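Trainee: Below you'll find the structure I mean.
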Amino acid sequence: MELNGKVAIVTGGAVRLGRAMALALAERGAQLVVHYNASAGPAEEVVRQIEAEGGTAVAVQADLSQARTAPSIVEAATARFGRVDILVNSAAIFEPGSWDSTTEENWDRHFDVNLKSPFFLIQAFARQIGDGQRGHIVNIADWRGVRPGVDHVAYTLTKAALIAMTRSMALALAPDIQINAIAPGMILPPPGKGPEFLQRSAARIPLQRIGSPGEIVKAMLFLLDSDFVTGELIYVTGGESL
Ligand SMILES: NC(=O)c1ccc[n+]([C@@H]2O[C@H](COP(=O)([O-])OP(=O)(O)OC[C@H]3O[C@@H](n4cnc5c(N)ncnc54)[C@H](OP(=O)(O)O)[C@@H]3O)[C@@H](O)[C@H]2O)c1
């Protein structure tokens with residue numbers, strides 16, 4: 001897909017990986033809807049940065065723990081730009097929980113933000129794709145969704161389901177919409193983790209380092225550039241997923 005002039009939504013686009021993907025899309029000429037929940041300041045900063053570089057962007061707030069608000073992001077985008085061509089589902093929560101400590105509240109919050117909202121965003125996105133228009137969706141999953149461990153139970157199950165949803169929706173939405181997923185490994189450590197954590201993480205990764213947001217951006221751009229890839233999952237883990 002030629003990105004120049006297309007309209008793209010990036011959920012969680014104000015910070016970290018979402019921010020990197022939003023800026024990269026704008027650099028390729030896409031008009032951006034930078035979704036945020038609590039990061040209003042950083043979202044406005046991303047918009048200013050895009051505008052300063054000659055691009056077009058708008059920040060849209062929505063709390064995705066209330067899945068019924070998810071379609072409002074697509075509505076805001078179509079109200080502003082008339083259509084949406086690209087949806088990147090990046091917003092997620094990542095909270096601990098073992099088989100024993102996982103509460104119903106922890107379970108529900110993960111499923112609402114990480115799975116239910118992406119589904120209803122995809123539904124709203126697909127419904128507004130017009131005749132002759134192409135759509136492209138990228139879901140940001142996690143390799144743990146394919147090789148679950150014993151911690152972060154609810155998180156891991158949402159990512160497993162997001163990968164299954166990517167495959168199912170690829171069949172359902174073809175030929176007008178392609179939908180793929182990326183499974184990042186250790187790219188940006190959780191806030192507050194210091195150099196020791198990074199060293200320990202790098203040591204267990206075959207390529208002996210953690211990744212960078214630029215590597216997720218490259219995978220996203222590959223998927224968006226491709227007209228013949230759908231329902232795929234790209235691992236960007238430095239071999240950790242092996
Ligand atoms: N970082 C990694 O190394 C890594 C590894 C594997 C997978 N991933 C996946 O990559 C994606 C991005 O990860 P990240 O580390 O950059 O994210 P992050 O720092 O955990 O940021 C989470 C994002 O989700 C948004 N969010 C959280 N709760 C929300 C809610 N209730 N409603 C709406 N938005 C909400 C936040 O928006 P606000 O800040 O505006 O509230 C923020 O933009 C996630 O899907 C994550 O699972 C990341």
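Trainee: Would you compute, from DSSP H runs of 4+ residues alone, the mean residue ellipticity of the chain at 222 nm, taking -39500 (n - 2.57) per run and dividing by the full residue count, rounded to the nearest 500?
Mentor: Computed ellipticity for the chain at 222 nm equals -12500 deg cm²/dmol.
Trainee: Right, another one. Taking amide hydrogens as modeled 1.01 Å from N in the peptide plane, which residues meet the under 5 Å criterion relative to Gly97, leaving out close sequence neighbours?
Mentor: Amide H neighbours of Gly97, under 5 Å, 5+ apart: His152, Val153.
Trainee: Spelling out what I want: for every residue of region 85-101, take phi, set θ = phi - 60°, compute 6.51 cos²θ - 1.76 cosθ + 1.60 (Karplus), and round to whole Hz; glycine and proline get x.
Mentor: In residue order, the calculated couplings are 10, 9, 10, 10, 8, 10, 4, 6, 10, 9, 10, x, x, 8, 4, 8, 8 Hz.
Trainee: For the chain, what is the accessible area per residue in Å² when the probe is 1.4 Å?
Mentor: Result: 47 Å² of accessible area for each residue.
Trainee: Counting only other residues whose beta carbon sits under 10 Å from that of Ser117, what net charge do I get with K and R as +1, D and E as -1?
Mentor: Values: positive: Arg68, Lys116; negative: Asp63, Asp112.
Overall, the nearby charge balance is 0.
Trainee: Give the angle, between 0 and 90 degrees and rounded to the nearest 10, that separates the Cα long axis of helix 16-27 from the longest principal axis of the Cα atoms of the chain.
Mentor: Its long axis makes an angle of about 30 degrees.
Trainee: Could you order Leu173, Leu64 by accessible surface area, starting with the largest, using a probe radius of 1.4 Å?
Mentor: Leu173, Leu64
Trainee: Run the numbers for Arg83 and Leu207: contour at 0.36 nm per residue of separation, minus the present Cα-Cα distance, in nm.
Mentor: 40.5 nm
Trainee: Could you pull out every residue, at least 5 positions away or on a different chain, whose amide H is within less than 5 Å of the one on Ala30? Hs are placed 1.01 Å off N in the peptide plane, and Pro or chain starts have none.
Mentor: It is Gly5, by chain and number.
Trainee: Now for a separate question. Let me have the relative contact order for the chain, percent, based on Cα pairs under 8 Å that are six or more residues apart.
Mentor: On the way: 482 pairs, mean separation 43.8, N = 242.
The value is 18 percent.
Trainee: Next question. What order, most packed first, do the peptides 85-98, 102-115 have when packing is the mean number of other Cβ atoms within 10 Å of each residue?
Mentor: Packing order, densest peptide first, comes out as 85-98, 102-115.
Trainee: Let me ask another. Starting from 0.36 nm per residue, how many nanometres of slack lie between Asp176 and Gln133 once their C-alpha separation is accounted for?
Mentor: Value of the extension gain: 14.8 nm.
Trainee: Lysine pairs in the chain with alpha-carbon atoms under 23 Å apart, 8 or more places apart or on different chains: how many are there?
Mentor: Pairs that pass both the separation and distance tests number 4.
Trainee: Please list, in order, the residues from region 200-242 whose amide nitrogen is less than 15 Å from a point placed 7 Å along the Cα→Cβ vector of Glu27.
Mentor: Only 212-222 fall inside the zone, counting backbone N under 15 Å.
Trainee: So for region 1-117, averaging the separation of alpha carbon pairs under 8 Å that are six or more residues apart and normalising by length, what relative contact order in percent results?
Mentor: Relative contact order comes out at 28 percent.
Trainee: About the Cα centre of the chain, what is the dipole size in debye to 20, counting +1 per Lys and Arg Cβ and -1 per Asp and Glu Cβ, all else neutral?
Mentor: 260
Trainee: So, with a 1.4 angstrom probe, what is the percent of accessible area on the chain that is carbon and sulfur?
Mentor: 54
Trainee: Arrange the residues Lys6, Lys159, Lys116 by how much accessible surface each exposes, largest first, with a 1.4 angstrom probe.
Mentor: Lys116, Lys6, Lys159
Trainee: Here is a further query. So what's the net charge close to Ala30: Lys and Arg +1, Asp and Glu -1, counting the other residues with Cβ under 11 Å from its Cβ? It would help to have the intermediate numbers written out before the result.
Mentor: Values: positive: Lys6, Arg28; negative: Glu2, Glu27, Asp85.
Summing Lys and Arg as +1 and Asp and Glu as -1 gives -1.
Trainee: Shifting gears a bit: Quick one: net charge of Arg167's neighbours, Cβ under 15 Å, K/R +1, D/E -1?
Mentor: That sum, taken over residues with Cβ under 15 Å, equals 0.
The values are calculated or read from the model by the stated rules, or taken from the named source; none is laboratory data. Note that the structure is predicted; figures quoted are calculated from it, not measured. Glycine gets a Cβ as well: all are built from the backbone with ideal geometry, and neighbour counts include every protein chain shown. Areas reflect the complete protein model, heavy atoms only, side chains present, ligands, DNA and RNA absent. Shrake-Rupley method; radii C 1.70, N 1.55, O 1.52, S 1.80 Å.
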